[in-house]
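Read-outs: derived from the displayed coordinates by stated rules, not from any lab. Because the structure is a prediction, the values reported are computed rather than measured. Note that we place each Cβ from the backbone using ideal geometry, even for glycine, and neighbour counts take in every protein chain shown.
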Amino acid sequence: MSPQKSKTAQTTESLRTRQILDERERRLARPEADGASEAFSASLAVLLCPFGENLYGLLMTDIASLRPLEQMSRTGAGQAGGVIGLVADSGRVRQVLDFGVLLGAPPPQAATGYLVMLKGRPDLALRLGERPYAADVIAESASLDRAQVVSPGPHHAKTLVILSVAALLAGDAPVGV
């Protein structure tokens, strides 16, 4: 190919590339994209807590940290308030409350899972049997405690119940989705 034809082919290719990029920019700037960003800005950040067939969420504003449960001293089963053990965390001893027991399930046999450290409660940790996920959700307009997951992932578009940590600890949390 002659140098002149090669230069013309490159210019045509550059022009076509620019047209494709311009079209993508126009599509992304359409009003539908603005509606999606409004919905995203109205979302809540939660820690998704799967429990059997149900999906619950704790507001991230109530969560101090999360870690795998590596070691726990067991207490007698059936303790008041769902206390199943004690863990050491940053030089403190925390009572471990089982998430499932707080929702009415029997005490777990295994001392594995994940620990959720709560803000404002340096004496407590919640034990989750299943892996929790951070996600964004949008509350349903009819019920502020129900929401739908908008983050991509294994629970995308599922409905969940948003639990108040205070209600959960008081035993007033709703059971089932």
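Just to be sure before I move on: is residue 138 surrounded by 12 or more Cβ atoms within 10 Å (Cβ to Cβ) and under 14 Å from residue 51 (Cβ atoms) in the structure I sent? Against the criterion (surrounded by 12 or more Cβ atoms within 10 Å (Cβ to Cβ) and under 14 Å from residue 51 (Cβ atoms)), residue 138 does not qualify.
Yes/no per residue for (1) out of contact with any Gly (no Cβ under 8 Å at 6 or more places or on another chain); (2) over 30 Å from residue 42 (Cα atoms); (3) among the aliphatic types (A, V, I, L, M):
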| residue | (1), (2), (3) |
| --- | --- |
| 88 | yes, yes, yes |
| 99 | no, no, no |
| 118 | yes, no, yes |
| 133 | no, no, no |
| 141 | yes, no, no |
| 145 | yes, no, no |
| 148 | yes, no, no |
| 162 | no, no, yes |
| 167 | yes, no, yes |
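Please verify whether region 100-112 includes one or more residues that are in a strand (DSSP E or B) and crowded, with 20+ Cβ neighbours inside 10 Å. Taking every residue of region 100-112 in turn, none turns out to be in a strand (DSSP E or B) and crowded, with 20+ Cβ neighbours inside 10 Å. For region 91-108, the set of residues classified as among the hydrophobic types (A, V, I, L, M, F, W, C) and over 18 Å from residue 73 (Cβ atoms) consists of 99, 102, 103, 105, listed by residue number. When 139, 111 are screened for being under 23 Å from residue 73 (Cα atoms), in contact (Cβ under 8 Å) with a residue 24 or more places away in the chain and of a type outside the set (Val, Ile, Thr), only 111 passes.
In this structure, residue 114 does not qualify as of a type in the set (Phe, Trp, Tyr) and under 12 Å from the mean Cα position of the chain (by Cα). Just to be sure, is residue 158 within 15 Å of residue 59 (Cβ to Cβ), of a type in the set (Lys, Arg) and in contact (Cβ under 8 Å) with a residue 40 or more places away in the chain? No.
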